[in-house]
Amino acid sequence: MMKKAARGGEIRIGFLGGSITQGCLASSPEKCYAYKVFEWFEETFPDAHFKYVNAGIGATDSQFGCARAEEDLLSREPDICFAEFSVNDGCDEHYHETYEGLVRKILGSSPDRALMLIFNVRYDNGENAEPMHRMIADRYGVPCVSLKKAIWSELESGKIERSLLTTNGLHPNDMGHSLVASVIISVLEDIRENLRDEGISRDEMPEPETDNAYEDSVRYRNDSPEGTVIESDGFEADTSAQNGITDIFKKGWTASEKGSYIVFGVTGSCIGIQYRKTMQKPAPVARVTIDADTSSEIVLDANFDEDWGDKLQLDTVLDHGNPGRHTVRIELTEVHEGDILPFYLVSVIASGRELKGS
């Protein structure tokens, strides 16, 4: 990719991640680490014409990343992707699998597409999902950048004052974004200074080390192909225009009356439901039933206990179930006289439609 940039022409730089990639707490979009990395490419390869694609959405993880990677990023045909989910993913087997699915989806989308993985870290406790994510990086031979190794150790030793980098222990401020960008750029500089004369071909992708049920994730919203919604009563489609990918509560369905329901027909072995959890309480409550099995109903509680804003919640309601066609019924079971907002169903995500490694 760097050799292509040195020759000139158009190069697209894409970023996929959570709130840090989106630029939360940066004073302007241009202060975000992602944009600063983009600026490095522009300055380093002046003969090329670069385009910037930022597909960061706050409070999202690699499970959602698998479902939206094609629409939000890969459809823009980036020459290089930077993926960042290490502070939003848990360090467990579920996210081991979803992260592998995301990496495989990006690598498999084009043989010429470069990928770098960014392992951000919490500045208050040093936690992240790097141990799981690094296993995937090593397996697929993808370069990665550890902010825990580069920054957290400096915070622990007292060489850097935490308050200079962040005000909430998670999101970097302008100085923090600059520091994150400088670490990434140092790795890019090392790669650039050690370019080989011969071309580098990508090896055949290895077999997945997890069940890999999430690589083929598909997200269903109200503009998806006909036949997804089987039946509905009381749920209305939201057809208002969406203003960019961070305008997250769009293209879904709303309901306010108890007993309202909507039924989907989707194919897969894993199913996720996205809905709005709101600070404006009280809020409605719904329940999900898979294949009419009332013994394993799952509650979708729209009441959000945090105070930073409404959240795009993703709940897994079927995890490695029987592959094939499933009916998903969502019914509003609890409403209140003082409800300020209706229940907002954002999407249904189906995964595991294909066999491992296919």
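A short reminder: the numbers here are calculations on the coordinates, not readings from a lab. Predicted, not measured: the structure shown is a model, and the values here were computed from it. All Cβ positions, glycine included, derive from the backbone under ideal geometry; neighbour counts span all protein chains shown.
Numbers at a glance
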item	result
Listed residues Thr167, Leu312, Ser256: farthest to the positive end of the dipole of the chain (Cβ charges)	Thr167
Over 25 Å (Cα to Cα) - which of Lys4/Lys31; Lys31/Lys251; Lys4/Lys149; Lys4/Lys51; Lys31/Lys149; Lys31/Lys105 fall in this group	Lys4/Lys31; Lys31/Lys251; Lys4/Lys149; Lys31/Lys105
Projected area, mean over directions - the range 148-251, Cα convex hull, nm²	14.0 nm²
Tensor-based shape of the range 78-236 (alpha-carbon gyration tensor, a/c under 1.5 rounded, otherwise prolate or oblate)	oblate
Cβ crowding within 10 Å averaged over residues, with 105-118, 84-97, 145-158 ranked highest first	84-97, 105-118, 145-158
Cα centre as origin, Lys/Arg/Asp/Glu Cβ charges: the range 218-351 dipole, Debye	380 debye
Projected area, mean over directions - the range 207-354, Cα convex hull, nm²	9.9 nm²
The chain - share of DSSP beta bridges that are antiparallel (%, nearest 5)	65 percent
Value of [θ]222 nm, deg cm²/dmol, for the chain, DSSP H segments ≥ 4, -39500 (n - 2.57) each, nearest 500	-7000 deg cm²/dmol
Mean Cβ neighbour count within 10 Å, used as a protection proxy, ranking 325-333, 70-78, 162-170 highest first	325-333, 70-78, 162-170
Cα-based helix-to-principal-axis angle, 130-140 vs the chain, degrees rounded to 10	70 degrees
Per-peptide average of other Cβ atoms within 10 Å, ordering 59-66, 295-302, 131-138 highest first	59-66, 131-138, 295-302
Rounded to the nearest 20 debye, dipole of the range 1-117 from Cβ charges on Lys, Arg, Asp, Glu	360 debye
Electrostatic dipole magnitude of the chain [Cβ: Lys, Arg +1; Asp, Glu -1; Cα centre; debye, to 20]	640 debye
The chain: angle of helix 62-72 to the longest principal axis, Cα-based, in degrees nearest 10	80 degrees
Gap separating the Cα centres of the range 208-231 and the range 307-358, nearest whole Å	11 Å
Over the range 1-151: Rg over Rh, Cα atoms, Kirkwood Rh	0.95
